[in-house]
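Heads up, the thing below is written out as structure tokens.
Computed from the coordinates by the stated procedures, all read-outs in this text should not be read as laboratory data. Quick caveat, the model's predicted, so the values are computed rather than measured. Cβ placement follows ideal geometry from the backbone for every residue including glycine, while neighbour counts extend to all protein chains displayed.
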Amino acid sequence: MSREIVFDTETTGLKPFKGDRITEIGCVEVVDLLPTGKTFRRYVNPERDVPEEVVRITGLTTEFLADKPIFSEIVDDFLEFVDNSKLVAHNARFDRDFINVELTRLERTPLEDKRFIDTLRIARKKFPGAYNSLDALCKRFSVNLSERSLHGALLDAKLLAEVYLELNGGRERKLDLDPRKKHQAKRSEPTAQDMRREIIAITAPLNDAQRKEHRELLEEIGENAVWNKYL
């Protein structure tokens, strides 16, 4: 069993090393590439103003975030949720840098680079030369974008979890991991007992009307009718 955390962050800007801060973290637990339904979401007070151009993208205003916990108050919950799992993100370096700057500010150990899986890098290898934003990949894989009027960390993490599955084989991969399919595969070939049941069924006593209909059907088919083998 492989547990991974698909996650996303919203921030006040693009430069974690120059004062931009996290405003939201959203995480989705996946096991063997399939979402389990367990999620983690926290809004974070960035302890600074949110630029208007960012508000237009995320909808998260300075006023809305003012009473939310600061990063030091949610860090333990975040680290407990992700545990030692691999971390999947789109353009993972961006999210990794923001998380690690916050951890370093608190004198906590940064997350190692080897823990991160970058879906943007995977997509670029799979679709070289194509536009591989999260929106573009959702459209390519027919992932529903109807709820994405604004960028939100948890919503984007949920969308990315679907994209990540598609990048790893999609629906066929999902079926391969479905234990019900394995059970069905074992029953796909008829057993000797199944065949005996069918023979019993077709040789069960018939009433007069059924016998007449059956004789007429055999006459119509002719001497090559497969039923003649059982009569």
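Couple of notes before you dig in:
- The string of couplings for the range 86-100 from the Karplus curve (6.51, -1.76, 1.60, θ = phi - 60°) is 5, 10, 9, 8, 8, 6, 4, 4, 4, 5, 4, 5, 5, 4, 5 Hz, one whole number per residue in order, with x for Gly and Pro.
- Amide H to amide H distances under 5 Å link I70 with N45, where only residues 5 or more positions off or on other chains count and H is placed in the peptide plane.
- Other-chain or far-sequence residues with amide H under 5 Å of R21's (modelled H): T12, G13
- Ordered by the number of other Cβ atoms lying within 10 Å of each residue's own Cβ, fewest first, E10, E63, E162 fall into the sequence E63, E162, E10.
- Computed FRET value (nearest 0.05) for R121 with E63, which takes r as the C-beta separation and R₀ as 30 Å: 0.20
- Each residue in I25, I117, I74, I57 was given a count of other beta-carbon atoms within 10 angstrom of its own, and listing them fewest first yields I57, I117, I74, I25.
- Computed from phi, the 3J(HN,Hα) profile of the range 29-42 under the Karplus parametrisation 6.51, -1.76, 1.60 (θ = phi - 60°) reads 7, 10, 10, 6, 6, 9, x, 8, x, 7, 9, 9, 8, 9 Hz, with x in place of Gly and Pro.
- Segment E107-E73, length gained on full extension (0.36 nm per residue, minus Cα span): 10.8 nm
- nm² value of the averaged projected area, convex hull over the Cα atoms of the range 90-150: 5.5
- For the pair R140 and S2, a Förster radius of 35 Å applied to the C-beta separation gives a FRET efficiency near 0.90, rounded to the nearest 0.05.
- Among residues other than A123 with Cβ under 14 Å from its Cβ, the summed charge is +2 (Lys and Arg +1, Asp and Glu -1).
- Ranked S146, S72, criterion: other C-beta atoms within 10 Å, fewest first: S146, S72
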